[in-house]
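The next block holds one structure in the form of structure tokens; read it before the comments.
The values are calculated or read from the model by the stated rules, or taken from the named source; none is laboratory data. Bear in mind the structure is a predicted one, so any value in this text is a computation, not a measurement. A quick note on method: Cβ atoms are made from the backbone with ideal geometry, for glycine too, and the neighbour counts reach across all protein chains shown. For the accessible areas, the whole protein counts, side chains as well, though only heavy atoms, and no ligand, DNA or RNA atoms are used. Shrake-Rupley method; radii C 1.70, N 1.55, O 1.52, S 1.80 Å.
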Amino acid sequence: MSRALVVTQPDLDASRLVGLARSIAEEVHAIVVADAAGTAIEEPNTDGTTAIGGPALETAEGVADALAAAAAEQGADIIVLPATHRFREITALLTARLDGACAPETISASRSSEGITADRLAYGGVAIVTVLLQRAHVLLTAAVDIRATASGSEVAVKPCLLPMPAGKELMSRVALDQTGDLSSAERIVSFGRGVRSREDVAMIGRLSEALGADLGCSRPIVEDLRWLELPHQVGLTGTTVKPALYFAVGISGQIQHLVGMRDSKYIVAINNNPNAPIFEASDLAVVGDLYEIVPRLVEALAARTA
Amino acid sequence: MRILVCVKHVPDTTEIRFDPVTKELRLRQAPTKINNYDEHALEAAVRLREQLGAEVVIACIGPEEAGKTMKTAVAAGADRAVLVTGPWAGEIDPAGTAALLAGLARTQGPFDLILSGDVSEDGYHSLVPGILAAALDSPFLRGVTGLTADGASVLVDRQTDGVEETYRVRLPAVLSVSSSLNEPRTVTTLQVMKVSMSKVATLNASDVGLDDALFQPQAAATRIVGIRPAAQPRRQEVLTGEPDDVVQKLISNLENAGVLS
Ligand SMILES: Cc1cc2nc3c(=O)[nH]c(=O)nc-3n(C[C@H](O)[C@H](O)[C@H](O)COP(=O)(O)OP(=O)(O)OC[C@H]3O[C@@H](n4cnc5c(N)ncnc54)[C@H](O)[C@@H]3O)c2cc1C
């Protein structure tokens with residue numbers, strides 16, 4: 001019988017991780033890595049939840065040690081973790097501790113006669129590769145959302161008594177300014193190199209205002225031109241977004257951009273090149289000059305609400 | 001200070017396409033280059049070299065063709081490069097890569113600081129630096145956005161989910177860096193051409209104390225068994241013609257889609 005351990009933290013919605021674990025394991029337990037003593041909420045649809053907390057869990061090394069111990073104690077052969085920045089560090093260390101086979105950022109997993117396979121994106125998002133996981137311990141990670149509110153029965157946080165890992169000393173920790181975080185935006189107007197000068201960004205700004213949207217952009221706008229800061233960048237090295245409306249203006253639609261926005265509900269693109277790859281990812285392809293269309297669109301939207 | 005920079009030789013992912021007829025990934029024809037993210041690790045190492053007089057060694061696990069990436073890295077300011085290659089080079093998985101890098105670090109070292117980029121453009125696993133750190137029993141941080149050497153330790157700024165942290169990390173340590181750490185210098189083709197091949201050592205697994213058999217796909221932790229295109233095109237409507245017409249149709253489409261406020 002196969003047992004999975006789903007790893008999460010109090011502010012994450014782990015339902016996708018539980019679903020992934022259920023697809024390949026008969027039994028699924030959750031372990032909540034909590035900040036401090038107290039209680040945590042039981043993870044729904046699992047066969048049991050434990051919660052751990054303590055100073056050693058401040059570092060990735062400490063969490064990896066604690067999870068390796070938990071996996072051994074529970075006889076878990078499958079570990080499913082969130083694909084957040086914090087857990088990416090932990091996942092690599094845990095893979096080493098368990099000598100496991102790891103497929104990060106999996107879309108789905110299944111069992112075949114050969115063993116467990118996982119599907120994941122590679123080559124900048126062009127391809128889905130299927131990987132066969134050839135070790136006794138299998139580790140998977142998947143994208144998760146922040147949990148809105150948590151309710152359910154409570155479990156007590158067990159103090160983790162492992163020693164503090166040596167070598168790293170935390171000097172300071174400050175919350176980053178998350179305003180302008182596009183990952184939860186409802187509407188986004190995004191622009192790329194099709195916009196010819198910095199002054200023209202104001203025109204795109206007017207469109208985003210008229211649509212009640214946040215402003216996004218492609219990488220060259222941040223990295224080469226420095227017209228906007230990194231939080232506005234959509235794509236592989238920027239933010240992954242899934243708004244109800246994604247409006248791409250003068251963006252070619254290279255795969256590194258597409259992976260960051262292709263899960264948006266409704267995608268509109270304006271581009272003067274009828275063969276621009278962005279159109280393949282769009283619901284509405286507007287072929288034309290953005291300098292002719294955007295100002296008229298801003299006016300028409302204003303007239304509509306007036 | 002001795003610094004090892006782990007660099008991957010990758011296909012240019014912006015050039016990878018699926019053949020619309022055969023549905024096969026056109027990987028072989030794609031041009032290859034140094035992994036974008038590793039350039040930032042290299043830049044950080046070269047800056048430390050300029051400030052402190054460190055020795056910078058490049059490490060790469062990959063095909064013989066990666067020699068050109070090694071020369072590029074030396075041209076950017078590294079002292080020398082070590083490429084470990086073998087029959088497994090085209091297919092090696094992250095755990096295998098990390099094991100060979102650990103072997104390389106042990107046999108060519110000791111190193112005070114091991115740097116790499118946070119991810120590789122092709123595989124996008126983000127596993128190698130962490131597994132390497134565990135193998136060497138060194139402290140590890142990823143997402144590094146600031147780095148200052150400070151005697152037997154380094155001061156490291158890094159960003160993770162919504163927080164910025166500063167750590168003092170004891171050396172030897174393994175760090176993987178964010179592309180916002182610095183702006184890599186550009187190297188010209190001429191500078192690369194001028195690099196003598198004597199600065200690039202090409203080794204086998206046995207030279208770093210490991211056996212080729214460990215890295216064959218059948219023995220590896222993970223093995224790719226299938227590959228297919230990621231996204232199906234959306235069923236789209238095309239608007240073209242007079243801008244005023246286009247705008248009217250555009251607005252009614254937005255209304256019908258229910259995405260206007
Ligand atoms: C490792 C790696 C990571 C990357 N990460 C990201 C990422 O996170 N996000 C990202 O966006 N990119 C990323 N990229 C870069 C990506 O490959 C593309 O280079 C980039 O997305 C292109 O930006 P663009 O569409 O603005 O510019 P271009 O490709 O230059 O496209 C400009 C478009 O504007 C159109 N245009 C020009 N004039 C007009 C006009 N008057 N009216 C209408 N249309 C017009 C053109 O037809 C063209 O399609 C990454 C690349 C690599 C290698």
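So how exposed is B:HIS40, as accessible area in Å² (1.4 Å probe, rounded to 10)?
Per-residue accessible area (B:HIS40): approximately 20 Å².
Would you look at the GNM of chain B, springs on alpha carbons closer than 10 Å, and say which of B:ARG47, B:ARG235, B:ARG158 moves the most?
Maximum fluctuation in the GNM of chain B, among the listed residues, is at B:ARG235.
Each label point is 7 Å from the Cα along the Cα-to-Cβ direction; what then is the distance between the points at B:SER252 and B:SER198, in nm?
Label at B:SER252, label at B:SER198, 7.6 nm between them.
If you find the alpha carbon centre of the stretch B:148-194 and of the stretch A:74-89, how far apart are they in angstrom?
If we compute the Cα centre of each part, the gap is 26 Å.
At 7 Å along Cα-to-Cβ for each site, give me the label-to-label distance between A:ALA37 and A:LEU225 in nm.
Label at A:ALA37, label at A:LEU225, 5.6 nm between them.
R0 = 56 Å: FRET efficiency of A:ALA69 with B:GLU242, Cβ-based, nearest 0.05?
For A:ALA69 and B:GLU242, the calculated efficiency is 0.25.
Put a dot 7 Å past each Cα toward the Cβ at A:ASP145 and B:ARG234; how far apart are the dots in nm?
Placing both labels 7 Å beyond Cα along the Cβ direction yields 1.9 nm.
Could you identify which residue out of B:ALA219, B:ALA89, B:ALA201 has the top mean-square fluctuation in a GNM of chain B using Cα springs shorter than 10 Å?
Among B:ALA219, B:ALA89, B:ALA201, the largest GNM mean-square fluctuation belongs to B:ALA219.
Contour minus end-to-end for A:ILE107 and A:ASP11, with contour as 0.36 nm per residue of separation and end-to-end as the Cα-Cα distance?
Length gained, A:ILE107 through A:ASP11: 32.4 nm.
To the nearest 0.05, what FRET efficiency results for B:ARG26 and A:MET203 with a Förster distance of 41 Å applied to their C-beta separation?
After rounding, the FRET efficiency stands at 0.60.
Considering only the other residues whose Cβ falls under 13 Å of the Cβ of B:THR160, what net charge follows from Lys and Arg at +1 and Asp and Glu at -1?
Summing Lys and Arg as +1 and Asp and Glu as -1 gives -2.
Could you list the trypsin sites (Lys or Arg not before Pro) in the stretch A:157-249 that lie in coil according to DSSP, counting only those with at most 13 other Cβ atoms within 10 Å of their Cβ?
A:ARG196, A:ARG226
Given a cut-off of 27 Å, name the pairs among B:LYS33/B:LYS199; B:LYS23/B:LYS68; A:LYS242/B:LYS249; B:LYS8/B:LYS199 whose C-alpha atoms lie farther apart than that in the structure shown.
B:LYS23/B:LYS68
Sort A:TRP227, B:TRP88 from largest to smallest accessible area, using a 1.4 Å probe on the heavy atoms of the protein chains.
These residues rank, largest area first, as A:TRP227, B:TRP88.
Output the 0 to 90 degree angle, nearest 10, between the alpha-carbon long axis of helix A:290-305 and the longest principal axis computed from the alpha carbons of chain A.
80 degrees
In whole angstrom, how far apart do the alpha carbon centroids of the stretch B:73-106 and the stretch B:224-261 sit?
That distance is 45 Å.
Over the whole of A:157-170, what's the average partner chain Cβ count within 10 Å per residue? Rounded to a whole number, please.
That average works out to 3.
Determine the gain in length on full extension of the stretch A:ASN273-A:ALA156; use 0.36 nm per residue of separation and subtract their C-alpha separation, reporting nm with one decimal.
Gain on stretching A:ASN273 to A:ALA156: 36.2 nm.
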